[in-house]
1. Does the stretch 1-11 contain any residue that is of a type in the set (A, V, I, L, M) and either under 18 Å from the mean Cα position of the chain (by Cα) or modelled with pLDDT of 95 or more (or both)?
2. Criterion first (part of a loop (DSSP other than H, G, I, E, B), surrounded by 14 or more Cβ atoms within 10 Å (Cβ to Cβ), at pLDDT 95 or above and of a type in the set (D, E, K, R)) does R62 satisfy it?
3. So which pairs qualify, if the first residue must be in the stretch 81-100 and of a type in the set (G, A, S), the second must be part of a helix (DSSP H, G or I) and modelled with pLDDT of 95 or more, the Cβ gap must be under 9 Å, and the two must be at least 6 apart or on different chains?
4. Anything in the stretch 65-93 that is assigned to a loop (DSSP other than H, G, I, E, B), among the charged types (D, E, K, R) and closer than 20 Å to A145 by Cα? List them, or say none.
5. How about the stretch 67-106: which of its residues are at pLDDT 90 or above, loosely packed, with under 14 Cβ neighbours inside 10 Å, under 19 Å from D49 (Cβ atoms) and polar (S, T, N, Q)?
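The values are calculated or read from the model by the stated rules, or taken from the named source; none is laboratory data. On a predicted model such as this, the values are computed, not experimentally measured, just so you know. Note that each Cβ is placed from the backbone with ideal geometry, even for glycine, and that neighbours are counted across all protein chains shown.
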Amino acid sequence: MTCAGKRKRERSWRIEYRAPADARATGLPAGSIDCAVSVETLEHIPKSDIAAIFKELRRIIRPDGLVLMQIDYGDHFKGFDPSISSFNFLTYSEGDWAPFQSRFQYVNRLRHSEYLQLFREAGFELLSDQPDRRPPEQDILRRLAPCFRGFSEEDLFTLGSLIVGRPADLPGSN
């Protein structure tokens, strides 16, 4: 597709593509977007930046807008080594996990409850939460890193979720 064709489609669909961009400070007017979608991206962003992104998203989303976020909570190294568990990274302390982090493969290891809290703190009401929960793995529980011991088994062994939300202050919202 030519650049002119792309611009014509963006105008007719009322879509503006921006990349690279900082989602923490978009410069868009308040209440100017209808819908925000993220597919398996949030797990690669530090928690403090997600909080800032959600705050900005809450500012720019229309009062009747929607946010749809699909998040992969699993150990991404499983894709390279199928012999490890999708929850293997829960056995590493922050210090032990640090050498595996890089700017190319950063994973925040946040659990489902932490994302839900970030959504609510930013002012979103959850309309749908579809977690992919797996049975607890005893080997992982035996080796669980101290930083994960405060989470429920259900939270630890949630592999991903599709979360749909809207601004919490809509009339009739909870």
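1. no
2. The answer is no for R62.
3. From the stretch 81-100, the pairs are S85/T91; S85/D139; S85/I140; S93/P146; S93/C147.
4. Of everything in the stretch 65-93, just one residue is assigned to a loop (DSSP other than H, G, I, E, B), among the charged types (D, E, K, R) and closer than 20 Å to A145 by Cα, namely D75.
5. Residue satisfying the conditions is Q101 alone.
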